[in-house]
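The values are calculated or read from the model by the stated rules, or taken from the named source; none is laboratory data. The structure displayed is predicted, hence computed values, not measured ones. A quick note on method: Cβ atoms are made from the backbone with ideal geometry, for glycine too, and the neighbour counts reach across all protein chains shown. What goes into the accessible areas is simple: the full protein's heavy atoms, side chains included, and nothing from ligands, DNA or RNA. Shrake-Rupley method; radii C 1.70, N 1.55, O 1.52, S 1.80 Å.
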Amino acid sequence: MAHTNESMVSEFILLGLSNSWELQLFFFAIFSIVYVTSVLGNVIIIVIISSDSHLNSPMYFLLSNLSFIDICQSNFATPKMLVDFFFEHKTISFGGCMAQIFLLHSFIGSEMMLLVAMAYDRFIAICKPLHYSTIMNRRLCIIFVSISWAVGILHSVSHLAFTVDLPFCGPNEVDSFFCDLPLVIELACVDTYEMEIMTLTNSGLISLSCFLALIVSYTIILITVQHRSSSGSSKALSTLTAHITVVILFFGPCIYFYIWPFSRLSVDKFLSVFYTVCTPLLNPIIYSLRNEDVKSAMWKLRNHHVNSWKN
């Protein structure tokens with residue numbers, strides 16, 4: 001079948017997570033809590049960092065931008081999933097489906113690059129502490145954030161440019177709760193082997209290169225920390241543990257999907273839930289519960305508001 005500029009499919013049917021009404025109600029309750037908690041948690045982190053002068057450092061500037069990306073990631077598909085739990089037929093327009101693919105890969109690509117920037121920040125702070133304030137200035141942080149968004153958007157556009165022109169003439173059922181790129185590509189009415197390889201190469205390259213860069217950076221940092229014995233090193237180790245935890249939990253599912261992107265198992269659907277719904281919750285939980293500076297700033301902000309209400 002020849003390529004056409006206009007798709008015969010005007011909408012896709014999302015099969016969701018389960019056909020059981022009881023399970024869907026259970027999922028709605030759980031994911032509603034996770035969604036609200038992740039959005040509020042990340043908003044609180046941004047408010048705390050922007051309102052406390054003691055957190056006016058490159059690390060917290062990058063952390064607040066990570067929170068912003070997580071807020072965006074929480075909203076690209078989760079609200080629709082929550083609403084769809086109450087509908088038997090879960091549909092999404094062709095344009096809405098393409099928008100979900102674009103947003104997902106933009107946010108994930110941006111977050112990968114931002115995690116690398118945060119690792120670089122910790123590398124300079126621990127391995128070159130005397131030059132930290134000179135190297136990690138606000139201008140460099142803004143450049144890091146800009147590059148993160150640029151890479152994420154370009155990564156996404158490179159996928160979407162080929163996907164949107166594929167002829168879709170049926171079937172139109174996507175076995176997920178959102179439009180996942182590999183699942184949508186499989187529905188095209190042409191042989192998509194070359195595009196599957198291109199998708200694997202594109203996504204796999206950015207995820208594996210970022211992951212390896214992070215592993216190398218944190219290995220060097222950990223070796224440096226081990227050669228020191230001070231309270232500062234203990235604090236640095238605590239911060240590193242939080243960063244490494246986020247990296248493992250974020251990259252684990254991503255690398256799994258890019259190694260076997262077109263060979264789906266039943267567990268894949270629930271891994272999709274993890275990296276789209278649960279991952280944005282990692283940031284406020286790990287960074288707020290493990291970071292003494294953030295907790296201290298949180299209590300100061302709380303006490304300030306309590307005193308304001310009393311007066």
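Which residues, counting only those in the range 186-208, are in contact (Cβ under 8 Å) with a residue 24 or more places away in the chain, closer than 25 Å to ALA150 by Cβ and out of contact with any Phe, Trp or Tyr (no Cβ under 8 Å at 6 or more places or on another chain)? Explain how you work it out, then say what you get.
To start, the set of residues in the range 186-208 that are in contact (Cβ under 8 Å) with a residue 24 or more places away in the chain comprises 186-187, 189-190, 192, 195-196, 198-200, 202-204, 206-208.
Next cut, closer than 25 Å to ALA150 by Cβ only: 195, 198-200, 202-204, 206-208.
Correct list: THR199, ASN202, ILE206.
From the residues in the range 121-137 that are modelled with pLDDT of 90 or more and not in a helix (DSSP H, G or I), which one is least open to solvent (accessible area, probe 1.4 Å)?
MET136
To keep it simple, each residue is scored yes or no on (1) surrounded by fewer than 17 Cβ atoms within 10 Å (Cβ to Cβ); (2) at pLDDT below 75.
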residue: HIS227; (1), (2): yes, no
residue: GLY232; (1), (2): yes, yes
residue: THR241; (1), (2): yes, no
residue: THR245; (1), (2): yes, no
residue: ARG264; (1), (2): no, yes
residue: VAL277; (1), (2): no, no
residue: LEU281; (1), (2): no, no
residue: ASN291; (1), (2): no, yes
residue: SER308; (1), (2): yes, yes
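When you go through LEU249, LEU154 one by one, which is the residue that is open to solvent by 30 Å² or more (accessible area, probe 1.4 Å), of a type in the set (A, V, I, L, M), within 24 Å of LEU17 (Cβ to Cβ) and assigned to a helix (DSSP H, G or I)?
Numbers: LEU154 fails: within 24 Å of LEU17 (Cβ to Cβ).
The unique qualifying residue is LEU249.
Given the structure, is ALA161 farther than 16 Å from PHE102 by Cα, free of Cβ contacts under 8 Å to residues at least 24 places away in the same chain and small (Gly, Ala, Ser)? Reasoning before the result, please.
Details: farther than 16 Å from PHE102 by Cα: no; free of Cβ contacts under 8 Å to residues at least 24 places away in the same chain: yes; small (Gly, Ala, Ser): yes.
So ALA161 fails the test.
Of the residues that sit in the range 157-181 and are in a helix (DSSP H, G or I) and within 18 Å of the chain's Cα centre (by Cα), which one is surrounded by the fewest Cβ atoms within 10 Å (Cβ to Cβ)? First the steps, then the outcome.
Looking only at the range 157-181, we keep the residues that are in a helix (DSSP H, G or I), and these are 157-163, 181.
Retained after the next criterion (residues that are within 18 Å of the chain's Cα centre (by Cα)): 157, 159, 181.
Details: VAL157: 12, HIS159: 23, LEU181: 22.
Checked the range 157-181; the qualifying residue surrounded by the fewest Cβ atoms within 10 Å (Cβ to Cβ) is VAL157.
Is at least one residue of the range 62-78 at pLDDT 90 or above, of a type in the set (Ser, Thr, Tyr) and more than 23 Å from VAL184 (Cα to Cα)? Quick ask: steps written out before the conclusion?
Here is the first cut: in the range 62-78, the residues at pLDDT 90 or above are 62-78.
Those left that are additionally of a type in the set (Ser, Thr, Tyr): 64, 67, 74, 78.
So of that shortlist, the ones also more than 23 Å from VAL184 (Cα to Cα) come out as 64, 67.
For the range 62-78, residues at pLDDT 90 or above, of a type in the set (Ser, Thr, Tyr) and more than 23 Å from VAL184 (Cα to Cα): present.
How many residues does the range 56-97 contain that are touching a helix residue (DSSP H, G or I) at 6+ places or on another chain (Cβ under 8 Å), hydrophobic (A, V, I, L, M, F, W, C) and more than 16 Å from ASP175 (Cα to Cα)?
Within the range 56-97, residues that are touching a helix residue (DSSP H, G or I) at 6+ places or on another chain (Cβ under 8 Å), hydrophobic (A, V, I, L, M, F, W, C) and more than 16 Å from ASP175 (Cα to Cα) number 12.
Hey, among MET118, MET98, which residue is surrounded by fewer than 21 Cβ atoms within 10 Å (Cβ to Cβ) and touching a residue at least 60 places away in the same chain (Cβ under 8 Å)?
Numbers: MET118 fails: surrounded by fewer than 21 Cβ atoms within 10 Å (Cβ to Cβ).
Only one candidate qualifies: MET98.
Output the number of residues of the range 203-222 satisfying the condition of being farther than 19 Å from THR245 by Cβ, surrounded by fewer than 16 Cβ atoms within 10 Å (Cβ to Cβ) and not small (Gly, Ala, Ser). Walk me through how you get there before you give the answer.
So the first thing to find is which residues in the range 203-222 are farther than 19 Å from THR245 by Cβ, and the list is 203-206, 208-209.
Then keep just the ones that are surrounded by fewer than 16 Cβ atoms within 10 Å (Cβ to Cβ); that gives 205, 208-209.
Going one step further and asking which of them are not small (Gly, Ala, Ser), we end up with 205, 208.
Adding up the residues that qualify gives 2.
Quick one: how many residues across the range 266-275 are aliphatic (A, V, I, L, M) and at pLDDT below 70? Outline the logic, then answer.
Going residue by residue through the range 266-275, those that are aliphatic (A, V, I, L, M) are 267, 271, 273.
Subsequent filtering for residues that are at pLDDT below 70 retains 267.
Residues meeting the conditions: 1.
Suppose the filter is within 30 Å of ASN56 (Cβ to Cβ), out of contact with any Ser or Thr (no Cβ under 6 Å at 6 or more places or on another chain) and modelled with pLDDT of 90 or more; does ILE221 pass it? Quick ask: steps written out before the conclusion?
On the way: within 30 Å of ASN56 (Cβ to Cβ): yes; out of contact with any Ser or Thr (no Cβ under 6 Å at 6 or more places or on another chain): yes; modelled with pLDDT of 90 or more: no.
No, not satisfied.
I'd like the full set of residues that are within 21 Å of GLU111 (Cα to Cα), open to solvent by less than 20 Å² (accessible area, probe 1.4 Å) and in a helix (DSSP H, G or I), limited to the range 65-84.
LEU66, SER67, ILE69, ASP70, GLN73, SER74, THR78, listed by residue number.
Just name the residue that is most open to solvent (accessible area, probe 1.4 Å) out of those in the range 52-64 that are hydrophobic (A, V, I, L, M, F, W, C) and farther than 10 Å from ALA297 by Cβ. If you could, list the steps in order and put the result at the bottom.
Filtering the range 52-64 for residues hydrophobic (A, V, I, L, M, F, W, C) gives 55, 59, 61-63.
With the extra rule that they be farther than 10 Å from ALA297 by Cβ, the set shrinks to 59, 61-63.
Numbers: MET59: 22, PHE61: 42, LEU62: 0, LEU63: 7 Å².
Residue satisfying both the conditions and the ranking: PHE61.
Checking SER50 against (1) in a helix (DSSP H, G or I); (2) at pLDDT 90 or above; (3) over 30 Å from LEU166 (Cα atoms), which single condition isn't satisfied?
The number of the failed condition is (2).
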